Amino acid sequence: MNPLWTLVPPLLVIPFIIFFGERHRNLREASIIIAGLALLAINDRIYSAVINGEVVESGSLSILANFSLRLSAEPMGVMFGLLASFLWVVTTVYSIGYMRGHNEQNQTRFYVCFALAIACVMAAAYADNLLTLFVAYEAITLSTFPLVTHAGNDASRKAGRLYLLLLMCGSIGLFLPAIIWIATAAGTLDFRAGGILADAGLSKTSLTILLALCVFGVGKAAVMPMHRWLPAAMVAPTPVSALLHAVAVVKTGVFTILKLITYTFGIDLVSTTGASDYVLPVVAFTVIASSLIAFTKDNLKARLAYSTISQLSYIVMAALLATTMSVMGGALHIVMHAFGKITLFFCAGAIMVSLHKKNISELDGMGKRMPITMACFFIGALGIIGLPPASGMWSKLLIAGGSLESGNAIWIGVLMLSTLLNIAYLLPIPLRAFFKPAAQPQPEGWSEAPVPSLWAIAVTATCCVLLFLFPHPLMNLLGLIEWR
Amino acid sequence: MELLITIVLLTFLVAIAIGIIVLRDLLAGVILLGLYSLIAAALFVVMDAVDVAFTEAAVGCGISTILFLGAMSFTKHDQKPRGHDSIVAIVFVVLTGALLIYGTLDMPHYGDPQSPAQTHPELTQHYLYKSPDETGMPNVVTSVLASYRGYDTLGETVVVFTAGIAVLSLLGLIRRRPEEEAPEDAPGDVPTIAADDSERTS
Amino acid sequence: MSILGLYNYWIVIILMMAGLYILIARYNLIKKMIGLGVFQTSIFYLYISLGKVQGGSAPILADGVTVYSNPLPHVLILTAIVVGVATTAVALALIVRIYESYNTIEEDEIKAIEALERDL
Amino acid sequence: MISDQLPALVIVIPMLAAPLCVLVRKPIVCWAIALVANFLVVLSAWALFEKVREDGVIRYALGGWAAPTGIEYYVDMMNATMLLLVSFISCVTLVYAYKSVSKTVLTSKHYLFYAAWMLCLTGLLGISITGDAFNVFVFLEISSLSMYMLIAFGTDRRALTASFRYLIMGSIGASFILIGIGFLYAATGALNMVDLAQRIPDAESQRAVLVAFSFLTIGLMIKSAVFPLHGWLANAYQHSPIAVTAFLAGTATKVSLYVLLRFFFSIFGPDYSFGAMLLNVVLLPAAVAGFVLLSLVAIFQSDLRRMLAYSSVAQIGYIIAAFCLASQSGLTAGIVHIINHGIIKTALFMSVGCILYKVGHTHSHSLDNLMQKMPLTVTAFILSGLGLIGVPLTVGFVSKFSLISAAMERGWWMVGALVLLSSLFAIVYIGRVVEIMLFRKSRTETPAPVGRSEAPLMMLVPMYVLIGISIWFGVSGSTTLSVAADAAAALLGGYQ
């Protein structure tokens, strides 16, 4: 199995999307769903190949003298690839309802960029070296830029400018120098078990600076102060926020950091030299501070955005703790959080389409009008908080175990505190919707989201529960990571 | 005697240069430039460069003066009655000149027969002593110009050709009237798209 | 002749700089070209004086003459003179066109006109 | 054998094409003659390039007079590459030029236009191929005079003043070069480059050599528009016919940079240029200030051509900074950027030319929603703009990555950091325009009827050929990098 195949469906579908265009919308969306299923099947094949211990890799394309583009599958990447391809299908189903219900403009451009972004995510997931990952990372930024500015009004262009500026500045101004530094020091950019910097002879100070360049340079991981783009980008249509800002874009960021820690620095190097000593507090601060900010937001999407920032920093923190358990927890949290958060975003979008409400304060009593949506919202919230019967619990447990293993209990405190805050800012939303009477009398009967959207919401909420019950396939997969 | 002539002529050159800087009348400037070339040509004779002297007198003094006068018949004769002596320009020029003078300090003296330029075995010496056999011309300058460095001369011809078509494209073949009578839209004016279209349709 | 040893070069350099100064500092376009003429003629003089050999004669081979001046600079300068005049011709043609379009050949006035156009 | 005469063919073909154009005078025939001639030149240059790559240096004595007595062509990997680049860009741009020229240049003057183009090509190729210092000056004047003429073909009357200002600066530059060659001759008695390179080490202590070096450097800096001597470039690029801008942007300054390289590395040698001369102290700050400041200036330009012109000066700054490293990797980065930037800047100006052709102006603030109207042109602009920024998988990334790694190898962290900073400015100036063309709704009261109105195919195809090549060179950067590395080795190795 060649991982290059994963690029084929999303790229191949683009001509079809353009060809069908606005005239044959059903055909257009059907072609995307077929491509999505094909992609899922390919990823599944790669998954079974990796589980069976086969080597999955592509040929290489040399773009600079000593560095080349190359794809190969390793456990974390397979997991990320599976996740993104599965959620692409679900999101497409959801967007059919949303985009038509909302009468959005330029739907064809939207779907084209979306497919392009998915192809880039696949390239990032299966990147065999840092250069390939960087290329894919930049491509994701560029291909999602038209999605953020989709509406074309002043607000969205402003958001788009901020988006591009922060992500590009971070990646070119900080991340690229770090990469060149690594290339100069280690002579290679390949991802290798145990890292490539162990023998490079860098001092602790150098390593600390390098690590900081990486963590802050990967702006998609939204560690403060590089987080500003994320809430701003919420002007995008909800399916974009859902897939790209709960899964593809932000998860590429943390995924990059996880890969860097595992395969470039090596967890032993980070934990023994203490290179992360100065970066960890900033990340922990981000966890707490963004939870607190989320608390103050009345706009539902904004609250979810800040919650995302906080959850991303969990993963970064897990990576920086640099123990096997915490890194696994971080990787697992990519999936767990993705399902929880995408459910929440879907619900927010559904509420916007059906009730035209954006603020939490207006949601009192809405449980009666949208019971299914609100129930799913509840499950998603549990997933984020990490309470049974939803999936987030496993990853949080692993991260907590990891911080114990690293011998510094203070990070557990951070986790606990933010979990409490999670409860405080997420749970009241469904509770108010179900139990608080509405301010104004409401029309009787349900006014649920469009059927395709509702299906999508139900699927992701179910997945949250299923992953709680059956986390083994993922655990087994992550067990295959070579640490040294 | 030679020394005396050189010194006198050099002094003339300096005086003319000062005159050009100071005078505002363009016609006087052009005439002085012609004179400058002529005196330079005389100096070239003193320095044994007779061919160059001929050319300088004919081209530098003759043709270019005619060109200047021709151009001036279409434009103005006066520079604006204002001095624009810029400090920046003076500083730049003085620095450049100082650098040049610094460079000459350890140069072979004027007329030194042992300077690298005179003793290069494959250039000067070759030209002077082998060219009669190789080209059969007594005038070494001609033989170098036409044979050894004939390619430069070819380049020179191309330069003249380029200048010719450049002037042709800028001014056209249409006869120009002096400034007072020039019509509003003089021929050869900047072509506009409309003009182009009309030409194509006609 | 030794007085001329380096003094000769210095005078030429001063002349060159006079030409360069006119070229840079004068606003009148024709005056600039006069400056360029002085500048280039002085450079030619520098080259020719490099080729002079004391007591030598013009490099036209003749019996009984043993010392010749260096012919190579002469050849170079023959080319350079023609190139210089070609440049002057193009420049003057440009000046005529500029005068037709702007009705002035003073650089500061042209700049003022152009600045006005840019604001529009 | 024709293959022995290849070096001469490269020069002779365009040189003969020019008078032929003047004799024929029929616009389309002239264009065809120029195109065929140019195509033959590309073929010869390609053959020459392959030959040099296989057999090493070619020395071609003109008129049979062996150097240094006569004039010779000296072709190594460095100038073989330049010949190929210049002739190829000229050929592609010439195809493109036909449509835009027939729209803006008076039909009765087309033959002069194409003749001047051929002469300019002759000059540029002549500079690149020659092995004689004085001959450089002669061909420099051929290319300069024809450039002044080409620029003056612009529709705006400001083209005339732009051309004149360029003429003044160009003449100063050429005169400085002439003075430099004169002093070099005084100190060594030689004019042939190989001969000079052998004789300079003995004459090195002479002040005349230092003066020659300084004057050559300043003269060539003016010709290649290195900050702060770039004043002529912006106006010239803005007001000349757009095809000429595209042609010049890809070739003219690059050839001057090549001469600079030739003098620094082959003739004076890196030890003299960058060791004894401490050129770094002068040239590096100029280069760095150039690419930082001019990228910043480019942000505030409302005219696309002017913006790209300033960006060109900034890019020249990168190239000079790479030269200053004076190492194999630094030179490689510089040469690769000469190639890459030549290609993308030409493509960018071509896309701007398409906009000019259809819209009639290039003011960025009134190009709202151009994507609807000219999708292919705007896509081309975006693709080559990304290359200018240096996004991975484009040529710009290859150049910048090599430049930054070379700088870090030498320990010049600041230079690397500033290169990145100026790339950020590039994001802003390209991004600003792209945003307007893609996303901004029309601000006018009555939006113009939106319909496809693409530039003609004859303009689009050459543009996409260049973009295709830039993508190819971006994706497989090793192709150009290995050529550049060979060229750098040829320069550092000195003359054989």
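Quick check on region B:95-115. Is at least one of its residues farther than 20 Å from residue D:186 by Cα and either modelled with pLDDT of 85 or more or outside any helix (DSSP H, G or I) (or both)?
Checked region B:95-115: at least one residue is farther than 20 Å from residue D:186 by Cα and either modelled with pLDDT of 85 or more or outside any helix (DSSP H, G or I) (or both).
So in region B:11-48, with the set limited to residues that are assigned to a loop (DSSP other than H, G, I, E, B) and out of contact with any Asp or Glu (no Cβ under 9 Å at 6 or more places or on another chain), which one is nearest to residue B:72 (Cα to Cα)?
My answer is B:23.
Which residue is nearest to residue C:7 (Cα to Cα), if the candidates are limited to region B:102-128 and must be at the interface with chain D (Cβ under 9 Å from one of its Cβ atoms) and among the aliphatic types (A, V, I, L, M)?
B:105
Which one is nearest to residue A:289 (Cα to Cα) among residues in region A:304-354 that are among the aromatic types (Phe, Trp, Tyr) and in contact with a Gly (Cβ under 8 Å, 6 or more places away or on another chain)?
A:314
This table checks each residue for (1) free of Cβ contacts under 8 Å to residues at least 40 places away in the same chain; (2) surrounded by fewer than 24 Cβ atoms within 10 Å (Cβ to Cβ); (3) touching an Asp or Glu at 6+ places or on another chain (Cβ under 8 Å); (4) part of a helix (DSSP H, G or I).
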position: C:45; (1), (2), (3), (4): yes, no, no, yes
position: C:50; (1), (2), (3), (4): yes, no, no, yes
position: C:55; (1), (2), (3), (4): yes, yes, no, no
position: C:62; (1), (2), (3), (4): yes, yes, no, no
position: C:66; (1), (2), (3), (4): yes, yes, no, no
position: C:76; (1), (2), (3), (4): yes, no, yes, yes
position: C:80; (1), (2), (3), (4): no, no, no, yes
position: C:84; (1), (2), (3), (4): no, no, no, yes
position: C:87; (1), (2), (3), (4): no, no, yes, yes
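State the number of residues belonging to region B:8-36 that are facing chain C (nearest Cβ under 7 Å), over 14 Å from residue C:17 (Cα atoms) and β-branched (Val, Ile, Thr).
Final tally of qualifying residues: 1.
What is the residue count in region D:452-486 for residues that are within 14 Å of chain A (Cβ to nearest Cβ), surrounded by 15 or more Cβ atoms within 10 Å (Cβ to Cβ), touching a helix residue (DSSP H, G or I) at 6+ places or on another chain (Cβ under 8 Å) and not polar (S, T, N, Q)?
9
Of the numbered conditions (1) within 26 Å of residue A:116 (Cβ to Cβ); (2) touching a residue at least 60 places away in the same chain (Cβ under 8 Å), residue A:190 fails exactly one; give the number of that condition.
The single condition residue A:190 does not satisfy is (1).
Here's the yes/no breakdown for (1) in contact with a Ser or Thr (Cβ under 7 Å, 6 or more places away or on another chain); (2) buried (at least 16 other Cβ atoms within 10 Å of the Cβ):
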{"position": "B:97", "(1), (2)": "no, yes"}
{"position": "B:105", "(1), (2)": "no, no"}
{"position": "B:119", "(1), (2)": "no, no"}
{"position": "B:126", "(1), (2)": "yes, yes"}
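Kindly indicate whether any position in region D:124-140 is among the hydrophobic types (A, V, I, L, M, F, W, C), without any contact (Cβ under 8 Å) to a residue 24 or more places away in the chain and more than 10 Å from chain B (Cβ to nearest Cβ).
Checked against the condition, which is being among the hydrophobic types (A, V, I, L, M, F, W, C), without any contact (Cβ under 8 Å) to a residue 24 or more places away in the chain and more than 10 Å from chain B (Cβ to nearest Cβ), region D:124-140 yields no hits at all.
Can you go through D:11, D:89 and tell me which one is under 20 Å from the mean Cα position of the chain (by Cα), surrounded by 16 or more Cβ atoms within 10 Å (Cβ to Cβ) and within 14 Å of chain B (Cβ to nearest Cβ)?
When all the criteria are applied, what remains is D:11.
Return only the number of the condition from (1) modelled with pLDDT of 90 or more; (2) surrounded by fewer than 24 Cβ atoms within 10 Å (Cβ to Cβ) that residue D:156 does not satisfy.
(1)
Would you point out the residue of region D:180-202, among those that are outside any loop (DSSP other than H, G, I, E, B) and within 7 Å of chain B (Cβ to nearest Cβ), that is nearest to residue D:71 (Cα to Cα)?
The qualifying residue nearest to residue D:71 (Cα to Cα) is D:185.
How many of the residues making up region D:390-406 are assigned to a helix (DSSP H, G or I) and closer than 13 Å to residue A:139 by Cβ?
1
Being surrounded by fewer than 24 Cβ atoms within 10 Å (Cβ to Cβ), on the phi > 0 side of the Ramachandran plot, more than 24 Å from the chain's Cα centre (by Cα) and modelled with pLDDT under 90, is that true of even one residue in region D:416-426?
no
If you check D:202, D:195, which single one turns out to be free of Cβ contacts under 8 Å to residues at least 60 places away in the same chain, more than 28 Å from residue D:145 (Cα to Cα), of a type outside the set (A, V, I, L, M) and touching a helix residue (DSSP H, G or I) at 6+ places or on another chain (Cβ under 9 Å)?
Just a single option satisfies the conditions, and that option is D:202.
Quick one: count up the residues across region A:207-246 that are hydroxyl-bearing (Ser, Thr, Tyr) and either without any contact (Cβ under 8 Å) to a residue 12 or more places away in the chain or surrounded by 20 or more Cβ atoms within 10 Å (Cβ to Cβ) (or both).
The total comes to 2.
Out of all the residues in region C:20-43, which are assigned to a helix (DSSP H, G or I) and facing chain B (nearest Cβ under 7 Å)?
C:20, C:21, C:22, C:24, C:25, C:30, C:31, C:34, C:37, C:38, C:41
Out of curiosity, is residue D:210 surrounded by 24 or more Cβ atoms within 10 Å (Cβ to Cβ) and touching a residue at least 60 places away in the same chain (Cβ under 8 Å)?
no
From (1) crowded, with 24+ Cβ neighbours inside 10 Å; (2) under 26 Å from residue D:240 (Cβ atoms), pick out the condition that doesn't hold for residue D:134.
(2)
Among the listed residues A:384, A:429, A:423, identify the single one that is at pLDDT 85 or above, of a type in the set (A, V, I, L, M, F, W, C) and crowded, with 24+ Cβ neighbours inside 10 Å.
Within the list A:384, A:429, A:423, the selection yields A:384.
I'd like the full set of residues that are free of Cβ contacts under 8 Å to residues at least 40 places away in the same chain and either in a loop (DSSP other than H, G, I, E, B) or in contact with a strand residue (DSSP E or B) (Cβ under 8 Å, 6 or more places away or on another chain) (or both), limited to region A:423-442.
A:440, A:441
Go through (1) free of Cβ contacts under 8 Å to residues at least 12 places away in the same chain; (2) touching a Phe, Trp or Tyr at 6+ places or on another chain (Cβ under 7 Å); (3) surrounded by fewer than 23 Cβ atoms within 10 Å (Cβ to Cβ) for residue D:392 and report which single condition fails.
(3)
Looking only at region B:143-161, filter to residues that are within 9 Å of chain C (Cβ to nearest Cβ) and farther than 30 Å from residue D:148 by Cα; which one of those is surrounded by the most Cβ atoms within 10 Å (Cβ to Cβ)?
Among them, the one singled out is B:144.
Residue D:227 is checked against (1) more than 8 Å from chain B (Cβ to nearest Cβ); (2) modelled with pLDDT of 90 or more; (3) out of contact with any Pro (no Cβ under 9 Å at 6 or more places or on another chain); (4) buried (at least 22 other Cβ atoms within 10 Å of the Cβ) and fails just one. What number does that condition carry?
Result: residue D:227 fails condition (2) only.
The values are calculated or read from the model by the stated rules, or taken from the named source; none is laboratory data. Small disclaimer: the values here were computed from a predicted structure and weren't measured. Methodologically, a virtual Cβ is constructed for each residue, glycine included, from the backbone with ideal geometry; neighbour enumeration extends over all protein chains shown.
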